[in-house]
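Laboratory data are not the source of any read-out in this text; all were calculated from the coordinates shown. Predicted, not measured: the structure shown is a model, and the values here were computed from it. Here the Cβ positions follow ideal geometry from the backbone for every residue, glycine too, while neighbour counts run over all protein chains shown.
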Amino acid sequence: MPMRQFTRAQLADLGVPPDSPEEIEYSETVLADEPVTTLKYSMQRRCVFRADDDKTYAVTYEAELDTGDYELGPPPENHGWYGDTVEAEEVEPRYDVVRRWRPIADEPDADAETRTVAEHLVDMYEEGGVPTRLARQYASDWLTDHADELSGLFGDDTAGDR
């Protein structure tokens, strides 16, 4: 995975990390700021930004917990970064299909049995937020990549004859 070293001053010039996650709406360089985990006295976040080489990178940093009136102490020093440089990982946007828990439908889907596997895959990608055009492409690619494996599941002895 491609990595790059940034100085804390370079990151500050790029607006990384933002003072508040809401600020990314107005930033030309910061593309995303998302929570990673909650630590004992701080929160670890991940900031995705566009650098001067027009590539996108991500760094993790520590931020103060928002606990309302409850005081936890001073904010993390230097965003939890130690040393003069911070290592950033080059990243790209990818769509992920996620599992969601949905209520059980009162009425079964009448056309569920007549729909193809490809249509069900497209639906899964779309539910994960993938645009329809890309969902169709991803479903097609997946079925093509796994055709031999799938034909073996259904007892097709001719899979190796292709």
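A Förster distance of 22 Å, applied to the separation of the beta-carbon atoms of T37 and D13, puts the FRET efficiency at 0.20.
Quick check on segment 1-101: take the gyration tensor over C-alpha atoms, sort the square-rooted eigenvalues as a ≥ b ≥ c, and tell me if it's rounded (a/c under 1.5), prolate or oblate.
On the way: a/c = 1.71, a/b = 1.18, b/c = 1.45.
It comes out oblate by the Cα gyration axes.
Overall, the anisotropy analysis places segment 12-69 in the prolate class: the square-rooted eigenvalues a ≥ b ≥ c of its C-alpha gyration tensor yield a/c not less than 1.5, with a/b exceeding b/c.
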